[in-house]
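Laboratory data are not the source of any read-out in this text; all were calculated from the coordinates shown. Note that this is a predicted model, so its numbers are computed, not measured. Counting neighbours? That spans all protein chains shown, and the Cβs are built from the backbone with ideal geometry, glycine included.
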Amino acid sequence: MSDLKALIEAVIKGDINSATAETQKALDSSNNAQDILDKGLIAAMDEVGVKFSKGLLFVPQMLRSARTMQECMKVLEPFFQEGDVTSKGKVIIGTVKGDLHDIGKNLVAMMMEGAGFSMFDLGVDVSPELFVQKVQEIEPDIVAMSALLSTTMPSMRSTIETLKQAGIRGKVKVMIGGAPVTDKYAREIEADCYAPDAGSAVTKAKEILGIS
Amino acid sequence: MIIVGEKINTSRKSIAEAVEKGDASYIVKVASEQAEAGAHYIDVNAGTFLEQETESLCWLVETVQNELDLPLCLDSPNPNALSEAIKYHKGEPMINSISLETERFRTLLPVITSQPCHVVALCMAETSMPTTVEDRVRVGAELINRLTDAGIPLKKIYVDPLVQPVSVDTQMGIATLGAIAKIMNDFPGVNTICGLSNISFGLPRRHLINRSFLSLCLSYGLSAVILDPTDKQLMATLLAVEMLLNHDEYCQNFITAYQTGRISDR
């Protein structure tokens with residue numbers, strides 16, 4: 001496993017050349033692709049997320065690490081069969097109706113993908129009806145909603161109401177976030193959790209799904 | 001340079017508490033400090049109060065104007081809150097803000113044409129956020145044209161080119177700067193305005209980044225700014241750069257600010 005240590009360090013640094021070379025090296029020394037993903041790339045991104053939440057790493061560094069992981073995945077991909085990669089869970093994410101802000105939502109999606117979740121990004125201005133339709137279609141474990149305006153926060157509540165009316169609220173966990181959103185608001189609208197930043201989104205998602 | 005003091009915002013804990021308790025004297029104190037530090041408008045924002053936003057915003061308007069003879073910047077993405085708060089305002093307020101988002105534009109236009117006011121035109125398109133200079137200029141120009149068609153004079157329009165974090169895309173700084181220059185050039189007499197803190201999201205030493213960005217914005221022609229005028233370091237940057245750009249005859253504003261203890265270099 002000592003060779004994965006160099007890979008982890010390269011991903012945390014965001015050094016694409018070293019990281020892809022280390023990925024290839026790990027494959028050459030007959031490591032399993034799933035192991036390289038789990039114990040190398042995902043382990044590295046987990047550390048990036050934790051350091052980011054603590055204020056030890058910053059957004060551009062996080063972006064760079066995620067980009068590096070994506071490049072390493074390209075090296076690994078031929079070694080995975082279609083649908084062969086073990087996912088931590090399926091997550092639908094979107095900015096709620098009436099709101100066009102996507103920066104925070106994109107950071108969360110990127111970090112969750114890096115942590116091994118399968119992400120389905122619905123974009124911005126996503127209506128409660130579209131959330132419900134996609135939940136029925138994709139059957140995700142989590143629905144993640146973002147709002148950057150106090151005026152669009154009520155769309156989070158109505159999305160949860162619409163999920164209830166469709167009889168599928170019990171089938172998914174709901175996670176919310178965005179600058180004006182608070183833990184108190186999450187409890188008020190009966191979301192399952194609130195995540196204050198992209199790093200904690202990963203931790204919280206694992207918590208509500210009961211995975212490590 | 002028109003300065004809008006940003007401190008009366010319920011996203012700040014002390015302000016939220018004061019509004020909850022109805023502590024008028026604290027609100028007036030924060031408003032007066034900003035006025036003394038050079039604010040031309042006092043921004044009032046109660047967005048975090050959600051259902052109680054309108055009521056709280058109206059209370060803030062009355063509370064500040066009962067004691068201070070200054071116009072306010074009524075700050076909300078919610079047209080209903082703005083249309084109520086404007087009724088309580090004495091003189092010409094600045095309305096922050098209208099955008100091209102269909103519903104927001106439609107509901108706010110009658111409010112801002114119903115009485116004389118200044119208006120911030122945020123470069124947010126119908127269905128997306130702008131990314132490039134061209135996007136911003138297209139949205140800004142469209143807003144200017146529609147607002148002047150509705151009878152609002154150019155000099156009362158403040159285009160906000162929308163500041164996005166440089167941490168996410170390193171082109172975001174020059175995208176805003178380029179838009180400021182182009183809009184000021186294409187529409188002589190119009191104002192441009194922006195807040196500073198979005199630029200530094202996701203980065204360390206945010207105050208330094210904000211101050212540096214302010215200098216650049218001024219050199220690209222920014223004519224109004226939303227900031228904390230009691231931040232002496234930030235005001236020092238503003239006044240020094242204005243002086244260096246030949247906007248301060250006999251360096252009087254800078255020197256007076258120094259002599260009255262309103263600026264600091266640390």
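For this structure, a couple of remarks:
- Computed label-point distance, nm, for sites B:Ser215 and B:Glu33 using a 7 Å Cα→Cβ extension: 2.7
- Look at where the Cα atoms of segment B:23-39 and of segment B:72-143 average out, and the two centres are 25 Å apart.
- With helices as the sole contributors, chain A gives -15500 deg cm²/dmol at 222 nm; each DSSP H run of n ≥ 4 counts as -39500 (n - 2.57), and the sum is divided by every residue.
- With the charge dipole of chain B set up from +1 on Lys and Arg Cβ and -1 on Asp and Glu Cβ about the Cα centre, the Cα lying farthest toward the positive end among the listed residues B:Leu244, B:Pro116, B:Gly195 is that of B:Leu244.
- With the helix formula -39500 (n - 2.57) applied to DSSP H stretches of n ≥ 4, chain B reaches a computed 222 nm mean residue ellipticity of -15000 deg cm²/dmol.
- Within chain B: Cβ-based charge dipole about Cα centre, in debye rounded to nearest 20 (Lys, Arg +1; Asp, Glu -1): 460
- Total charge dipole magnitude, the protein assembly as shown, about the Cα centre, Cβ charges on Lys, Arg, Asp, Glu only, Debye to nearest 20: 440
- Taking only the C-alpha atoms of chain B, the Rg (one decimal) and the largest Cα-Cα distance, Dmax (whole number), read 17.8, 50 Å.
- Neighbour-count ranking [beta-carbon atoms within 10 angstrom, fewest first] of B:Glu51, A:Glu22: B:Glu51, A:Glu22
- Look at B:Tyr258, B:Tyr41 and count the other Cβ atoms within 10 Å of each Cβ; fewest to most, that gives B:Tyr258, B:Tyr41.
- Förster radius 35 Å - calculated FRET efficiency between B:Arg206 and B:Glu51, Cβ distance, rounded to 0.05: 0.65
- In this structure, A:Asp3 and A:Glu207 have a Cβ-Cβ separation that, at R0 = 35 Å, corresponds to a calculated FRET efficiency of about 0.65.
- If you take the Cα centroid of segment A:32-65 and the Cα centroid of segment B:219-266, the two points sit 43 Å apart.
- For chain B, the relative contact order is 15 percent, taking Cα pairs closer than 8 Å that sit 6 or more residues apart in sequence and dividing their mean separation by the residue count.
- Distance from the C-alpha centroid of segment A:189-212 to that of segment A:122-172: 16 Å, rounded to the whole angstrom.
- Relative contact order of chain A, defined on C-alpha pairs under 8 angstrom at six or more residues apart (%): 19
- Cα-based Kirkwood hydrodynamic radius, segment A:128-187, one decimal, Å: 11.7
- A Förster radius of 60 Å, combined with the Cβ-Cβ distance separating B:Gln259 from A:Glu161, puts the computed FRET efficiency at roughly 0.50.
- Relative intensity, log₁₀ I(q)/I(0), of segment A:1-157 from a Debye sum that treats every alpha carbon as a point, q = 0.09, 0.14, 0.18 Å⁻¹: -0.33, -0.74, -1.04
- In terms of Cα atoms, the Rg and Dmax of segment B:166-206 work out to 12.3, 37 Å.
- Label-point separation in nm, B:Glu62 to A:Ala21, each point 7 Å along Cα→Cβ: 7.1
- Taken over the protein assembly as shown, the convex hull of the Cα atoms encloses 156 Å³ per residue.
- Panel order for B:Phe105, A:Phe58, by other beta carbons found within 10 Å of each beta carbon, from fewest to most: A:Phe58, B:Phe105.
- Cα extents of segment A:1-72 along the three principal axes, largest first (Å): 36, 19, 17
- Net charge dipole, segment B:35-77: roughly 80 debye, given to the nearest 20, about the Cα centre with Cβ charges of +1 for Lys and Arg and -1 for Asp and Glu.
- Most fluctuating residue given options A:Ala44, A:Ala147, A:Ala26, as computed from a GNM of chain A linking Cα atoms under 10 Å: A:Ala26
- Degrees, to the nearest 10: A:103-114 long Cα axis against longest axis of chain A: 50
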